[in-house]
Amino acid sequence: MARYTGSVCKFCRREKLKLFLKGDRCFTEKCSVDRRPYPPGVHGQGRIKFSSYGVQLREKQKVKRIYGLMEKQFRITFDRAAGMRGITGENLILLLERRLDNFVYRMGFARTRREARQLVHHGHFRVNGKRVNVPSALLRVGDAVQVRDRSRKTALFADSLDAIERRGLPAWIELDRKEMLATVKAFPSREDITLPIQEQMIVELYSK
């Protein structure tokens, strides 16, 4: 699978918005968006006027970068959302929220979604008692995600729970800190997503 290995701070500067791709660094004065609030590149500080297509493309790129998906996987998720009942744009965002790697990030066991994806790949989590190493696995109501016994004593998981104090715990997740276990209480709703996302632009882009 293709993977981006370059600087993720460029993504935030490109969108002129904090996407929180560097974990704790994004909350410090070292954040690239705060230090250089303009797009990367030699022409970054010039005036850039986007067409309607360009605005829609930027919105799609922003959502892809927030959730850490490549184009093919993002399109597959969009097609699945389009085949569901309801509003396609909302379905897309809620499917992305239900991914296992995003859930691990939301429950506070990883500083970034990229780190959460790596932890899932390495088999540090169990879903309903079974080891799962597929970051794109979709969770259902009632599913319980827990750090496996061998991993609980590592410093990474001991320290990661502090991040939830800064980010906050979504209402659709129930967390047991002592057992390092989180349960899906309900499917997330659009109101639970506080990210600055205009999903209708993505729908319009893919509808052309």
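The number of residues in region 148-184 being in contact with a helix residue (DSSP H, G or I) (Cβ under 7 Å, 6 or more places away or on another chain), at pLDDT below 90 and either among the aromatic types (Phe, Trp, Tyr) or more than 26 Å from residue 74 (Cα to Cα) (or both) comes to 4. Scanning region 100-137 for residues that are polar (S, T, N, Q) and surrounded by fewer than 20 Cβ atoms within 10 Å (Cβ to Cβ) returns 118, 128, 133, 136. Within region 194-208, the only residue that satisfies the criterion of being β-branched (Val, Ile, Thr), modelled with pLDDT of 85 or more and assigned to a loop (DSSP other than H, G, I, E, B) is 197. Checking each residue in region 25-74 for being at pLDDT below 70, among the small types (Gly, Ala, Ser) and under 30 Å from residue 97 (Cβ atoms) picks out only 32. Could you tell me which residue of region 91-131 is nearest to residue 183 (Cα to Cα), considering only residues that are in a strand (DSSP E or B) and among the hydrophobic types (A, V, I, L, M, F, W, C)? Applying the filter and picking the extreme gives 127. Taking region 74-90 as the search range and keeping residues that are out of contact with any Asp or Glu (no Cβ under 9 Å at 6 or more places or on another chain) and assigned to a helix (DSSP H, G or I), which one is surrounded by the most Cβ atoms within 10 Å (Cβ to Cβ)? Here the answer is 78. In region 168-196, the residues that are touching a residue at least 60 places away in the same chain (Cβ under 8 Å) form Cβ pairs under 7 Å with partners that are part of a loop (DSSP other than H, G, I, E, B) and acidic (Asp, Glu), at six or more places apart or across chains, as follows: 184/143.
Checking each residue in region 98-128 for being in contact (Cβ under 8 Å) with a residue 12 or more places away in the chain and more than 17 Å from the chain's Cα centre (by Cα) picks out 123, 124, 125, 126, 127, 128. When region 94-138 is filtered for residues that are modelled with pLDDT of 90 or more, more than 19 Å from residue 76 (Cβ to Cβ) and among the charged types (D, E, K, R), the ones remaining, listed by number, are 126, 130, 131.
The values are calculated or read from the model by the stated rules, or taken from the named source; none is laboratory data. These numbers were taken from a predicted model, which means no experiment stands behind them. Glycine also receives a Cβ, built like all others from the backbone with ideal geometry; neighbour counts cover every protein chain displayed.
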